[in-house]
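*Asks:* This is the structure I want to talk about, given as structure tokens.
The values are calculated or read from the model by the stated rules, or taken from the named source; none is laboratory data. Quick caveat: nothing in here was measured; it's all calculated off a predicted structure. Cβ: placed from backbone, ideal geometry, glycine included. Neighbour counts: every protein chain shown.
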Amino acid sequence: GSLPIGEVSTEDGFRFTCRLEKEDIVYGLGEANRGLNKRGFRYVSSCTDDRMHTETIQAMYAAHNFLIVAGRESVGLFFDYPARMVFDVGYTRMDTLAVTCQRADLDLYVITGESPYDIVRQFRRLIGPSYIPPKFAFGFGQSRWGYKTRADFCGVVDGYRKNHLPLDMLYLDIDYMDHYKDFTVNGEEFPDFPAFVAEMKDRGIYLVPIIDAGVKVEKGYNIYDEGVEKRYFCQRADGSDFVAAVWPGDTHFPDVLNPEARAWFGDQYRILTDAGIEAFWNDMNEPSIFYTPELTAQTRAQLEKAFQDGSYTPNMPARKKPEARGDYELFYHRSIAGTVRHDQVHNLYGFNMTRAAGEAFERIDPDRRFLMFSRSSYIGMHRYGGIWTGDNQSWWAHLLLNIRMMPSLNMCGFLYSGADLGGFGADTTRELLLRWLAFGIFTPLMRNHSALGTRRQEVYRFENQDAFRHIIELRYGLLPYIYSEYMKAALSDGMYARPLAFAYPEDERAKRVEDQLLIGESIMIAPVYEQNAVGRYVYLPERMKMVRFRSLTDREETVLEQGDHYIGIPLEEVALFIRPEHILPLAEKGGQSVEEVDFENLLLLDFTIEESTYEYYTDDGYGKDFENPANRKVFRKSAK
Ligand code: GLC
């Protein structure tokens with residue numbers, strides 16, 4: 001039938017269409033490719049493990065089916081549909097938005113409101129509050145696929161601590177496990193894992209182990225044995241356990257859509273929390289499948305051989321995507337809605353794996369926050385964890401993509417998010433890493449991560465560490481503000497990173513800016529994302545005070561008029577812009593870890609014309625007493 005804003009047809013699957021006026025901007029879609037304004041391309045919601053997300057790629061790791069058509073009137077659209085869905089945003093016809101899927105079995109929410117930001121808030125109220133991590137999760141983390149031995153891990157911490165480079169988290173990628181078996185540790189390297197966790201904590205470091213979706217097929221491995229016995233794994237039509245090869249070789253997928261199996265899988269996290277772990281990342285949960293026994297013998301032989309001799313790469317010609325191969329049609333879930341074939345609920349898998357953990361944390365310690373973020377996600381998962389944006393590349397284009405994606409993720413409830421800083425695949429450069437960090441200090445999840453075989457990119461491996469130290473120290477100095485803004489956004493269904501248009505809705509220029517963001521209430525940022533750039537053009541929607549940080553303590557302030565400015569931003573510096581009548585609290589002493597940062601004695605940078613006020617939020621960072629009035633206070637500055 002016809003809605004006031006568009007047409008719905010259910011004749012041949014589901015099809016929603018609406019007209020796009022020339023001036024309309026389309027926001028949303030969370031973790032999707034290309035611009036902040038999604039117009040002009042086609043996006044597919046079908047969670048996919050695709051590390052080569054070039055400009056052509058339509059499906060990424062997540063499925064976030066919320067968008068806003070913003071024009072003279074604005075409307076929000078949320079398509080709650082768990083399988084493949086196509087968003088043709090002015091691609092087939094420039095003046096038409098078309099959203100299609102196979103089965104006309106979905107809920108469509110239409111949200112009208114005063115402005116795009118108002119629509120976001122209403123939507124967020126509908127989907128429930130965003131996940132809140134512990135305070136240490138706002139520190140800096142170092143990660144790399146390839147750290148294996150105890151010496152590798154200790155060496156990284158030494159590299160940071162010896163060089164006075166702040167660090168709070170050290171990530172354990174798949175090699176900490178015993179043969180990639182979930183919830184095990186390599187006993188040779190870590191004979192006393194709890195002691196290792198405690199030793200790291202004494203150095204101010206939280207360990208963050210990875211958990212993969214697939215459980216290794218191996219008799220005698222208790223999680224495998226129990227899952228098989230209780231029928232907690234996804235099964236084929238004939239009732240046998242479905243087999244998918246991932247890092248450990250053959251695995252079974254826990255049926256996280258089945259509440260009983262979900263609780264069982266979630267309870268396994270206790271093995272690690274009992275060892276002192278308080279932080280996790282969930283991976284390969286699209287779920288990613290390298291190959292299945294059902295593949296044609298020839299393709300399987302090619303893949304198996306490559307896998308065994310180490311020449312396997314996810315982009316091998318023999319490796320079509322699991323969706324295209326039909327892998328997702330081979331197994332079933334026993335969900336609350338009955339038995340359902342995986343492809344029909346595909347986009348809910350990563351969500352429910354993370355939900356398994358989130359629900360388990362409530363049982364393990366209801367008064368404590370745990371760090372949790374996931375690669376795959378669907379709207380709803382934002383209540384249980386954050387996300388990282390998957391395997392990007394050490395490309396300037398992916399730094400820009402990171403900038404543009406942050407507000408879109410926020411619109412969909414994913415506030416705790418970030419990209420692999422420096423780039424995951426391919427070789428980074430000192431310049432790219434510095435510029436990426438200069439943006440990354442503003443993303444809630446701030447992690448340097450890279451792939452096996454690429455150039456090492458721990459910051460202490462590059463020349464002239466002062467530049468890195470200054471940028472990371474600035475993050476720690478900004479933590480009181482970053483944390484305060486994050487918490488206020490999470491507790492009020494607001495956004496931490498916003499497009500300029502959301503604050504300056506009347507400004508036609510601001511609406512078209514896709515490479516500057518508002519971070520919280522008080523500041524605008526304009527990151528440099530081009531090689532060899534010594535500065536960039538910045539558009540100021542109003543008069544602002546630029547603060548240039550050569551380091552946390554070496555600052556220069558300049559008031560700039562509304563309009564366009566070319567701003568020199570040397571590689572070692574960070575510039576930000578304080579909005580009029582706003583305050584930016586700063587912890588001028590910084591710290592080597594979040595624990596060392598003074599959240600009480602703050603220096604108030606400000607751009608006061610008459611009077612500025614700032615509502616400051618802080619708390620103990622680990623408990624859940626969010627509504628305590630003592631967490632909030634107001635800072636005031638007046639011109640006289
Ligand atoms: C996947 C993850 C990546 C991780 C790798 C090995 O590619 O996205 O972050 O390093 O697997 O576990």
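*Asks:* Which residues, counting only those in region 476-529, are of a type in the set (D, E, K, R) and either surrounded by 24 or more Cβ atoms within 10 Å (Cβ to Cβ) or over 23 Å from GLU431 (Cβ atoms) (or both)?
*Replies:* Start the filter on region 476-529 by keeping residues that are of a type in the set (D, E, K, R), which leaves 485, 488, 493, 498, 506-509, 511-512, 514-515, 521.
If the condition is that a residue be of a type in the set (D, E, K, R) and either surrounded by 24 or more Cβ atoms within 10 Å (Cβ to Cβ) or over 23 Å from GLU431 (Cβ atoms) (or both), then GLU485, LYS488, ASP493, ARG498, GLU506, ASP507, GLU508, ARG509, LYS511, ARG512, GLU521 are the ones that fit.
*Asks:* Is it true that some residue in region 112-129 is of a type in the set (S, T, N, Q), within 15 Å of the ligand (Cβ to nearest atom) and within 30 Å of GLN58 (Cβ to Cβ)?
*Replies:* So far as region 112-129 goes, no, none of its residues is of a type in the set (S, T, N, Q), within 15 Å of the ligand (Cβ to nearest atom) and within 30 Å of GLN58 (Cβ to Cβ).
*Asks:* Name the pairs: first residue in region 334-347 and under 26 Å from MET60 (Cα atoms), second residue part of a strand (DSSP E or B) and of a type in the set (Ser, Thr, Tyr), Cβ to Cβ under 9 Å, at least 6 apart or on different chains?
*Replies:* Cβ pairs passing all conditions: VAL340/TYR332; ARG341/TYR332; HIS342/TYR332; VAL345/SER335; ASN347/SER45; ASN347/SER377; ASN347/TYR378.
*Asks:* Go over the candidates ILE205, ILE277, ILE289, ILE210 one by one and state the one that is among the aliphatic types (A, V, I, L, M), within 24 Å of the chain's Cα centre (by Cα) and over 23 Å from ARG355 (Cα atoms). Before the answer, list the steps.
*Replies:* Values: ILE277 fails: over 23 Å from ARG355 (Cα atoms); ILE289 fails: over 23 Å from ARG355 (Cα atoms); ILE210 fails: over 23 Å from ARG355 (Cα atoms).
Answer to the check: ILE205.
*Asks:* A further question on this structure: In the list MET372, MET353, which residue meets the criterion of being within 16 Å of the ligand (Cβ to nearest atom), assigned to a strand (DSSP E or B) and at pLDDT 95 or above?
*Replies:* On the way: MET353 fails: assigned to a strand (DSSP E or B).
Only one candidate qualifies: MET372.
*Asks:* Can you give me the ranges of the strands (runs of 3 or more DSSP E) entirely in region 478-564 with at least 2 residues that are within 30 Å of ASN628 (Cβ to Cβ)? Give the derivation first.
*Replies:* Working: elements: 497-499, 517-519, 523-525, 535-540, 544-549, 555-560.
By residue number, 497-499, 517-519.
*Asks:* Moving on to the next point. For the list (1) more than 15 Å from the ligand (Cβ to nearest atom); (2) assigned to a loop (DSSP other than H, G, I, E, B); (3) closer than 19 Å to TRP281 by Cα, I need the number of the one condition that LYS201 fails.
*Replies:* If we test LYS201 against (1) more than 15 Å from the ligand (Cβ to nearest atom); (2) assigned to a loop (DSSP other than H, G, I, E, B); (3) closer than 19 Å to TRP281 by Cα, just (2) comes out false.
*Asks:* Next up: Between residues in region 166-191 that are closer than 16 Å to ASP152 by Cα and in a loop (DSSP other than H, G, I, E, B) and residues that are among the aromatic types (Phe, Trp, Tyr) and within 14 Å of the ligand (Cβ to nearest atom), which pairs lie under 8 Å by C-beta distance while being six or more apart or on different chains?
*Replies:* ASP173/TRP145; ASP173/TYR147; VAL185/TYR176; ASN186/TYR176; GLU189/TYR176; PHE190/TYR176
A quick yes/no check of all residues on (1) over 15 Å from the mean Cα position of the chain (by Cα); (2) outside any helix (DSSP H, G or I):
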residue	(1), (2)
ARG404	no, no
GLY413	no, yes
ASP427	yes, yes
GLU431	yes, no
ARG435	yes, no
ALA451	yes, yes
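*Asks:* Being over 25 Å from ASP158 (Cα atoms) and of a type in the set (Asp, Glu) is the filter here, so list the residues in region 575-609 that pass it.
*Replies:* Across region 575-609, the qualifying residues are GLU581, GLU600, ASP606.
*Asks:* Given (1) at negative phi; (2) within 16 Å of the ligand (Cβ to nearest atom); (3) surrounded by fewer than 15 Cβ atoms within 10 Å (Cβ to Cβ), where does ILE289 come up short, assuming only one miss?
*Replies:* (3)
*Asks:* Against the conditions (1) surrounded by 15 or more Cβ atoms within 10 Å (Cβ to Cβ); (2) more than 30 Å from MET200 (Cβ to Cβ); (3) within 16 Å of the ligand (Cβ to nearest atom), where does GLY310 fall short? Just the number, please.
*Replies:* Here GLY310 meets the rest and fails (1).
*Asks:* If I filter region 132-152 down to residues being free of Cβ contacts under 8 Å to residues at least 40 places away in the same chain and within 15 Å of the ligand (Cβ to nearest atom), which single residue comes out as nearest to ILE387 (Cα to Cα)? Don't jump to the end; show me each part of the working.
*Replies:* Step one: list which residues in region 132-152 are free of Cβ contacts under 8 Å to residues at least 40 places away in the same chain, which gives 147, 151-152.
Now narrow it down to the ones that are within 15 Å of the ligand (Cβ to nearest atom): 147, 152.
Numbers: TYR147: 22, ASP152: 26 Å.
Checking each candidate, the answer is TYR147.
*Asks:* Within 16 Å of the ligand (Cβ to nearest atom), surrounded by 15 or more Cβ atoms within 10 Å (Cβ to Cβ) and closer than 30 Å to GLN592 by Cβ: is that true of ALA279 in this structure? Outline the logic, then answer.
*Replies:* On the way: within 16 Å of the ligand (Cβ to nearest atom): yes; surrounded by 15 or more Cβ atoms within 10 Å (Cβ to Cβ): yes; closer than 30 Å to GLN592 by Cβ: yes.
Yes.
*Asks:* State which residue is farthest from LEU517 (Cα to Cα) when the search covers only region 434-455 and only residues that are of a type in the set (Ser, Thr, Tyr) and within 13 Å of the ligand (Cβ to nearest atom). Walk me through how you get there before you give the answer.
*Replies:* First, pick out the residues of region 434-455 that are of a type in the set (Ser, Thr, Tyr): 443, 450, 454.
Within this subset, residues satisfying the condition of being within 13 Å of the ligand (Cβ to nearest atom) are 450, 454.
Values: SER450: 26, THR454: 30 Å.
Out of the qualifying residues, it is THR454.
Per-residue answers, yes or no, for (1) surrounded by 15 or more Cβ atoms within 10 Å (Cβ to Cβ); (2) within 30 Å of PHE136 (Cβ to Cβ):
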{"position": "ALA198", "(1), (2)": "no, yes"}
{"position": "ASP202", "(1), (2)": "no, yes"}
{"position": "VAL217", "(1), (2)": "yes, no"}
{"position": "GLY220", "(1), (2)": "no, no"}
{"position": "ALA244", "(1), (2)": "yes, no"}
{"position": "TRP247", "(1), (2)": "yes, yes"}
{"position": "PRO254", "(1), (2)": "yes, yes"}
{"position": "ARG262", "(1), (2)": "yes, yes"}
{"position": "GLN268", "(1), (2)": "yes, yes"}
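Here is a yes/no grid of residues against (1) of a type outside the set (Ser, Thr, Tyr); (2) over 20 Å from TYR109 (Cα atoms); (3) loosely packed, with under 15 Cβ neighbours inside 10 Å:
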{"residue": "ASP12", "(1), (2), (3)": "yes, yes, yes"}
{"residue": "THR17", "(1), (2), (3)": "no, no, no"}
{"residue": "GLU21", "(1), (2), (3)": "yes, yes, yes"}
{"residue": "LEU29", "(1), (2), (3)": "yes, no, no"}
{"residue": "ARG34", "(1), (2), (3)": "yes, yes, no"}
{"residue": "GLY40", "(1), (2), (3)": "yes, yes, yes"}
{"residue": "ILE57", "(1), (2), (3)": "yes, yes, no"}
{"residue": "MET60", "(1), (2), (3)": "yes, yes, no"}
{"residue": "LEU67", "(1), (2), (3)": "yes, no, no"}
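*Asks:* For ARG93, which of the numbered conditions (1) in a loop (DSSP other than H, G, I, E, B); (2) under 30 Å from ASP327 (Cα atoms) fails to hold?
*Replies:* Of everything listed in (1) in a loop (DSSP other than H, G, I, E, B); (2) under 30 Å from ASP327 (Cα atoms), ARG93 misses just condition (2).
Yes or no, residue by residue, for (1) in a strand (DSSP E or B); (2) at pLDDT 95 or above; (3) of a type outside the set (Ser, Thr, Tyr); (4) out of contact with any Lys or Arg (no Cβ under 7 Å at 6 or more places or on another chain):
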position	(1), (2), (3), (4)
GLY30	no, yes, yes, yes
ARG39	no, yes, yes, yes
TYR43	yes, yes, no, yes
THR48	no, yes, no, no
HIS53	no, no, yes, yes
ILE57	no, yes, yes, yes
PHE79	yes, yes, yes, yes
PRO82	no, yes, yes, yes
